[in-house]
1. All but one of (1) within 30 Å of Ile58 (Cα to Cα); (2) more than 18 Å from the chain's Cα centre (by Cα) hold for Ile165; which doesn't?
2. Please verify whether Ser113 is closer than 21 Å to Gln218 by Cβ, assigned to a helix (DSSP H, G or I), not assigned by TED's automatic domain parsing to the domain that holds Pro41 and not β-branched (Val, Ile, Thr), treating the condition exactly as stated.
3. Do we have Arg127 as outside any helix (DSSP H, G or I) and either under 17 Å from Ala207 (Cα atoms) or within 17 Å of the chain's Cα centre (by Cα) (or both) here?
4. Inside region 1-99, counting only helices (runs of 4 or more DSSP H) that do not spill past its ends, which hold 1 or more residues that are of a type in the set (A, V, I, L, M), at pLDDT 85 or above and exposed (fewer than 12 other Cβ atoms within 10 Å of the Cβ)?
5. Being outside the structural domain of Ile43 (by TED's automatic domain parsing), closer than 30 Å to Ile43 by Cα, part of a helix (DSSP H, G or I) and at pLDDT 90 or above is true for just one of Ser156, Ser203. Which residue is that?
6. Of (1) aliphatic (A, V, I, L, M); (2) in the same structural domain as Ile51 (by TED's automatic domain parsing); (3) in contact (Cβ under 8 Å) with a residue 24 or more places away in the chain, Ile83 satisfies all except one. Which?
7. In region 138-170, what count of residues is obtained for those that are without any contact (Cβ under 8 Å) to a residue 40 or more places away in the chain and over 13 Å from Gly118 (Cα atoms)?
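The values are calculated or read from the model by the stated rules, or taken from the named source; none is laboratory data. Quick caveat, the model's predicted, so the values are computed rather than measured. Don't worry about glycine lacking a Cβ; one is built from the backbone with ideal geometry, like all the others, and counts go over all protein chains shown.
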Amino acid sequence: MTEPASGEQKKTGEEPEGEKPQPTLLEQMGGLSGLFYSSLPVIVFVIANAIFGLTVGIWAAVGSAVAITVLRVVRKEPLQPAISGFFGVAIAAFIAYRTGSAKGFFLFGIWTSLVYFGVFVLSIVVRWPLAGVVWNALNGNGHAWRKDKKSLISYSIATGAMALIFGARFIVQRWLYDEDYTGWLAFAKIAMGYPLYALGLLSVVWAVRRSEKHLKAQAEEAPREETDAEVEARLREKYAQAPAVEN
């Protein structure tokens, strides 16, 4: 006789079909390759600008972004990060060209950080914290979390952490921009990118786990609603046991 499927899975070490391991935090951010891809155009721009001038720096940055996109296509990796990264580099290069200054390459990212900061803060003020909105929308969980005070507070804290990250990016990089520290601007853009974003994601993970745990506990404590069939059966039993009325 053949052994049960579970036994085969234990021997081979394979996971049951349909059960996939959850992606790690690094994988959600695109892995080490994602960190490298996002940093490369900035590094290329700074080096090429320092050696050959602004025009070469601009074309080198755009060229590296195109190369990254092509590489992702060849390796059949997700294109969305590459495409968004390419457009980001293209816009930054255009601003640098229009301003005629290397530091203009970072201007788009600086003001984008301020916009993100405002959006995150506003979402907390109107009691629709983005961390909760985005997570539950992507997972099709509806809006039950907004009716739970603990979940709302948790997601507001996580959203506030993300707002602080973008606020810090704007303040630091804006100061470096005003002081004409182009090299330090490049360093700050990389250092305040993925590392800080990882901290923000950790706060979101904490909020999600805290919310789901509390909502699950509430669901288990809440009395189960009877189905129509159960209500009908209970009423039948009730009236069947009632004493007959004598004429």
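1. All conditions pass for Ile165, except number (2).
2. On the way: closer than 21 Å to Gln218 by Cβ: no; assigned to a helix (DSSP H, G or I): yes; not assigned by TED's automatic domain parsing to the domain that holds Pro41: yes; not β-branched (Val, Ile, Thr): yes.
Taking the combined requirement at face value, the residue does not satisfy it.
3. In short, yes.
4. Once the helices (runs of 4 or more DSSP H) in region 1-99 are filtered for at least 1 residues that are of a type in the set (A, V, I, L, M), at pLDDT 85 or above and exposed (fewer than 12 other Cβ atoms within 10 Å of the Cβ), what remains is 31-52, 54-74.
5. When all the criteria are applied, what remains is Ser203.
6. The one condition Ile83 does not meet is (3).
7. Qualifying residue count for the region: 12.
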